[in-house]
Amino acid sequence: MKSLKLRTKIILFTTLLVIAVVSGSFLVINRIVRNHVRSRLVHDLERSQHALEQIQRDRLRDMVAYSIIASENSTLKAAIETYQTESNSGSPVLEQLRRTVENEAVKLFSILRADLLVVTSNTGEVLAIQGIPSPPAFQGLSLSDQPSIVNCLSNQPVSFEQAASIWRFRGKTYRMVSVPILLQDIVVGTLSSGYEISLSLVRTIKSNTDSDVVFVAESQVIASTLSDAQNEALLKHLGEISGRNRQSGSTGVTSSTSLGGREGPGASGTYSGAELPPKDIAQPDAEPLQSEMELCGEMFLALQIATGNSSGGSFIIFNSIDRAMQTIMSGIKLTLILIGVFSVLLATLLGLALSESITRPLMNFVNFMDGITRTGELQQKVQHDRPNFEVDVLARSFESMARSLAESQAETARYHEELRRKEFNEEKLRRLATRSRLDALISQINPHFLFNALNTVGVLIDENPDEARRLTVKLANIFRQTLQASEREVVSLQEELRFIQDYLEIEKARFGERLQVEESVDVSNAAIPCFTLQPLIENAVKHGAAPKIGTTTIRIVVRQVNGHLSIQVADDGMGMTQESLKHMLERGYGLKNLIDRLNIHYAAGFTWNVESEFEKGTTVSLELPYQPSVQMT
C-alpha cells in the first residue's frame with residue numbers, strides 16, 4: 001500500500017478530528033435536548049392526565065346528578081315496586097308493568113345526556129335498556145353481581161363516581177355509573193347511565209391536550225387518535241408485556257362476561273352480543289404507568305391510566321419524542337454542519353502551516369540522524385534552513401551526546417593503553433580492566449537507546465506532528481539525563497525512575513492505548529547502577545508489547561526486603577516459549593549487558609531471575625544489596 005504524504009496525513013487527521021468533534025458535539029447536544037424534551041413531555045403527559053381525569057370526572061358527575069334526578073320519577077318507582085311485588089305470583093300484569101318501566105326509560109333517556117341507560121329491580125334483574133338499536137329480549141337477565149349495581153344495593157354504598165365501571169355492549173365500551181331508585185328510603189331498583197368511550201371522545205381529549213389518546217380493552221383498541229399501523233403495533237407491544245407478566249406469575253383477570261352467559265333466577269331469555277367486565281372492575285384507579293414505547297419506527301413517551309384492572313381497559317396517553325426532537329434539532333443540525341465545514345477549511349490551512357513550520361525541519365533532522373547511524377561519524381553538525389526552537393534544542397542535545405560518546409570511546413582507548421603500559425602492576429591492571437569494561441558497556445547502551453528513541457520520534461513526525469512537537473523537548477531532556485547519568489556509575493533510584501518515565505512517554509506516543517504502565521515504589525532513598533531499569537523496560541516494550549495485538553501492561557515494583565533492594569519488571573505481553581527462555585541471553589545484548597555490569601559492580605552480591613510463559617507475559621526480578629543514595633550538591 002502506497003504511503004500518504006505527510007501534508008495529506010495532517011489534513012486527513014485534522015479533518016477527521018473536526019468531524020469527530022462536530023459529531024461528538026451533535027451526540028452530546030442530542031442527548032441534552034432529548035433529556036430536556038423528555039422532561040417537557042413528562043410534564044405534558046401529567047397535564048394531559050389531569051385533563052383526561054377532569055373530563056371523566058365532569059362527565060361522571062353530570063351522569064350521577066342527572067341519574068339521581070331521573071331516579072325520582074314517581075311513575076318509574078311505582079312500576080318497579082309493583083313489578084317486584086307481583087313477580088312471585090305470576091300476575092298477568094307483569095308484562096304491562098315492564099312496558100311501563102320501558103316507556104319511562106325512553107322518556108328519561110331522551111332527557112339525560114347519556115349514551116346508555118339501564119334500569120334494574122332491587123335484585124339486579126334488567127327491566128329496561130336504552131341506547132342500543134333494536135335490543136333483543138332480556139327478560140330474566142340479572143346484573144346483581146356488577147360492581148356499580150352491588151354498590152347501589154349495599155347498605156353502605158361508596159361514592160357513585162368511585163364505583164363507576166366499564167361495561168361492554170355489542171362491541172361498544174361505556175363508562176357507567178349507577179344510582180339507587182328509592183321509595184320511602186327503600187331501594188326498589190337501580191338506574192345506570194354512562195357515556196361511550198369513542199373516537200369523538202379521544203379526539204376531544206387530544207384537541208384539549210395536544211396528546212394522542214388510545215383506549216384499550218380486552219386486547220382491542222376501542223378508540224384511538226393514532227394510525228391503524230401504530231394501533232396494531234401497540235396491541236402487539238401490550239401482548240408481549242402481558243405474556244411476560246404471565247410468565248413471571250401475574251394473575252390479573254383477563255376474561256370478559258357475556259350477558260348471554262349469565263342467567264338470573266327465573267331467567268327466560270338471553271342478551272346475545274352484550275358483555276360486561278369482571279366483578280372487581282370498579283376498584284379505584286391504578287397508579288399510572290409511564291414508559292417509552294416505539295410504534296412503527298416512532299418513539300413515544302406513554303402514560304397508561306388503568307381503570308383498576310387490565311380487563312376493564314385503560315387510557316394510554318402518547319407524546320411523540322421523535323416529533324419534538326425533530327422540531328428542535330432541525331435548526332441545530334444546520335448550525336453544526338456550517339460549523340463543521342468552516343472548521344474543516346480552517347483545519348486544512350492549519351495543517352499546511354504545521355507541515356511547513358514544524359514537520360520540514362524535523363524531517364531534515366531525522367535525515368541527518370539517519371546519516372549518523374549509517375556512517376558513525378559523530379562529529380557532524382546539524383545545518384538548519386531556518387531557526388526552529390524545538391529542533392535546535394534536540395540538535396544541541398544530540399551534538400552533546402555525540403561528543404560524550406566520542407569522549408567515552410577515547411577514554412576507553414586510553415584505559416586500554418594505560419593497562420598495557422602498567423602490566424607489571426597486576427592489582428592496578430585488574431582495577432583498570434574492570435573500569436574499562438564498565439565504561440565500554442555503558443557506551444554500548446547510550447547509542448543503542450539514542451537511535452531507538454530517535455526512530456520513535458521519526459515515526460511520530462509522520463503520524464502526529466503536534467505530538468512530535470511536545471515529545472521533541474521531552475527527548476532533549478532524555479538525552480541530557482543520559483549524558484549526566486553516563487558520567488557516574490551509580491544514580492539515585494528516583495533519577496532512574498524519572499529517566500524511565502520520560503522514555504515511556506515516547507513509547508506511549510508510539511503505541512497509544514496499547515501500552516499501559518503501573519508503578520509501585522515503596523523505597524524513597526536508594527542508589528543503583530545507572531541504566532539498571534532501562535534495558536528491562538526496553539525488552540518489555542520490544543518483546544512484550546510490540547508483537548502483541550491488544551493492550552500490554554508493564555508493572556514496575558520496587559521494595560526494600562531484609563536489607564536488599566527488590567526490583568521487578570513484569571509485562572503481560574507475548575512472553576517466550578521455554579526453549580526461547582533457555583537461550584534468552586543469546587537473543588540480544590540488553591539483558592546480558594545489564595547482568596555483566598551488575599557482576600562488575602556487585603560481584604556475587606546480587607541475584608536475578610526471569611520467568612516467562614508464551615502469550616501470557618514475562619517477569620524479570622533483581623535483588624541487589626541496598627545502598628542509600630547520596631545527595632548531590
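Within region 518-531, is even one residue part of a helix (DSSP H, G or I) and farther than 21 Å from Trp608 by Cβ?
No, region 518-531 contains no residue that is part of a helix (DSSP H, G or I) and farther than 21 Å from Trp608 by Cβ.
Would it be correct to say that Ile166 is assigned to a strand (DSSP E or B), buried (at least 24 other Cβ atoms within 10 Å of the Cβ) and over 46 Å from the mean Cα position of the chain (by Cα)?
On the way: assigned to a strand (DSSP E or B): yes; buried (at least 24 other Cβ atoms within 10 Å of the Cβ): yes; over 46 Å from the mean Cα position of the chain (by Cα): no.
Spelling it out, it is not the case that Ile166 is assigned to a strand (DSSP E or B), buried (at least 24 other Cβ atoms within 10 Å of the Cβ) and over 46 Å from the mean Cα position of the chain (by Cα).
Any idea which of (1) at pLDDT 75 or above; (2) surrounded by fewer than 17 Cβ atoms within 10 Å (Cβ to Cβ); (3) assigned to a helix (DSSP H, G or I) is the one Lys333 doesn't satisfy?
(1)
Out of region 192-238, which residues are more than 34 Å from the chain's Cα centre (by Cα), charged (D, E, K, R) and part of a loop (DSSP other than H, G, I, E, B)?
Result: Glu218, single match.
Is region 104-122 home to any residue that is surrounded by fewer than 17 Cβ atoms within 10 Å (Cβ to Cβ) and closer than 17 Å to Ala79 by Cα? Quick ask: steps written out before the conclusion?
Kept after step one, since they are surrounded by fewer than 17 Cβ atoms within 10 Å (Cβ to Cβ), are these residues of region 104-122: 106-107, 110-111, 113.
Next cut, closer than 17 Å to Ala79 by Cα only: 106-107.
Yes - at least one qualifying residue is present in region 104-122.
Within region 88-109, is there a residue that is assigned to a helix (DSSP H, G or I), more than 23 Å from Ala164 (Cα to Cα) and touching a residue at least 40 places away in the same chain (Cβ under 8 Å)?
Yes, region 88-109 has at least one match.
Quick grid of which residues meet (1) modelled with pLDDT under 85; (2) surrounded by 15 or more Cβ atoms within 10 Å (Cβ to Cβ):
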| site | (1), (2) |
| --- | --- |
| Lys2 | yes, no |
| Lys5 | yes, no |
| Ile32 | yes, no |
| Ile55 | yes, yes |
| Glu72 | no, no |
| Ile80 | no, yes |
| Asn88 | yes, no |
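Checking the condition surrounded by 14 or more Cβ atoms within 10 Å (Cβ to Cβ) and at pLDDT 70 or above, which residue from Thr359, Thr412 passes?
Numbers: Thr359 fails: at pLDDT 70 or above.
Of Thr359, Thr412, the one residue that is surrounded by 14 or more Cβ atoms within 10 Å (Cβ to Cβ) and at pLDDT 70 or above is Thr412.
Report yes if some residue within region 610-627 is touching a His at 6+ places or on another chain (Cβ under 9 Å), of a type in the set (A, V, I, L, M) and touching a residue at least 60 places away in the same chain (Cβ under 8 Å); otherwise report no. I'd like the intermediate steps shown before the answer.
Within region 610-627, the first condition is being touching a His at 6+ places or on another chain (Cβ under 9 Å), and the residues that meet it are 618, 623-626.
Checking the rest, the ones that are also of a type in the set (A, V, I, L, M) come to 624.
Still in the running and touching a residue at least 60 places away in the same chain (Cβ under 8 Å): 624.
Checked against the condition, which is being touching a His at 6+ places or on another chain (Cβ under 9 Å), of a type in the set (A, V, I, L, M) and touching a residue at least 60 places away in the same chain (Cβ under 8 Å), region 610-627 yields at least one hit.
Out of the residues in region 208-223 meeting the condition of being at pLDDT below 85 and not β-branched (Val, Ile, Thr), tell me which one is surrounded by the fewest Cβ atoms within 10 Å (Cβ to Cβ).
Within region 208-223, the first condition is being at pLDDT below 85, and the residues that meet it are 208-210, 217-220.
Among the residues that remain, those that are also not β-branched (Val, Ile, Thr) are: 208, 210, 217-220.
Details: Asn208: 15, Asp210: 10, Ala217: 21, Glu218: 17, Ser219: 12, Gln220: 13.
The extreme case among them is Asp210.
Looking at region 534-548, I want the residues that are in the same structural domain as Glu613 (by TED's automatic domain parsing) and have a partner that is among the acidic types (Asp, Glu) and at pLDDT below 90 with Cβ atoms under 6 Å, at least 6 apart or on another chain. Which pairs are those?
Short answer, once both residue conditions are applied: Val541/Glu507.
Out of everything in region 56-95 that is over 30 Å from Thr204 (Cβ atoms) and among the β-branched types (Val, Ile, Thr), what residue ends up being nearest to the chain's Cα centre (by Cα)?
We begin by selecting, within region 56-95, every residue over 30 Å from Thr204 (Cβ atoms); these are 72-95.
Checking the rest, the ones that are also among the β-branched types (Val, Ile, Thr) come to 75, 80, 82, 85, 93.
Working: Thr75: 70, Ile80: 67, Thr82: 72, Thr85: 73, Val93: 76 Å.
So the residue we want is Ile80.
Among the numbered conditions (1) part of a strand (DSSP E or B); (2) farther than 18 Å from Ala527 by Cα; (3) within 41 Å of the chain's Cα centre (by Cα); (4) of a type outside the set (D, E, K, R), tell me where Val557 comes up short.
Checking Val557 against (1) part of a strand (DSSP E or B); (2) farther than 18 Å from Ala527 by Cα; (3) within 41 Å of the chain's Cα centre (by Cα); (4) of a type outside the set (D, E, K, R), the one that fails is (2).
Quick check: is even one residue across region 609-620 farther than 25 Å from Asp502 by Cβ, modelled with pLDDT of 90 or more and touching a Phe, Trp or Tyr at 6+ places or on another chain (Cβ under 9 Å)?
Scanning region 609-620, I find no residue that is farther than 25 Å from Asp502 by Cβ, modelled with pLDDT of 90 or more and touching a Phe, Trp or Tyr at 6+ places or on another chain (Cβ under 9 Å), so the answer is no.
Can you run down the residue pairs with Cβ atoms below 6 Å, 6 or more apart or on separate chains, where the first is in region 121-139 and at pLDDT below 70 and the partner is assigned to a strand (DSSP E or B)?
Here the result reads Pro135/Ile129; Phe138/Val126, each pair linking region 121-139 to a residue that is assigned to a strand (DSSP E or B).
Check whether at least one residue in region 23-36 is in contact with a strand residue (DSSP E or B) (Cβ under 9 Å, 6 or more places away or on another chain) and part of a helix (DSSP H, G or I), and report yes or no.
no
The values are calculated or read from the model by the stated rules, or taken from the named source; none is laboratory data. Small disclaimer: the values here were computed from a predicted structure and weren't measured. Using ideal geometry, Cβ is built from the backbone for each residue, glycine included, and neighbour counts are taken over all protein chains shown.
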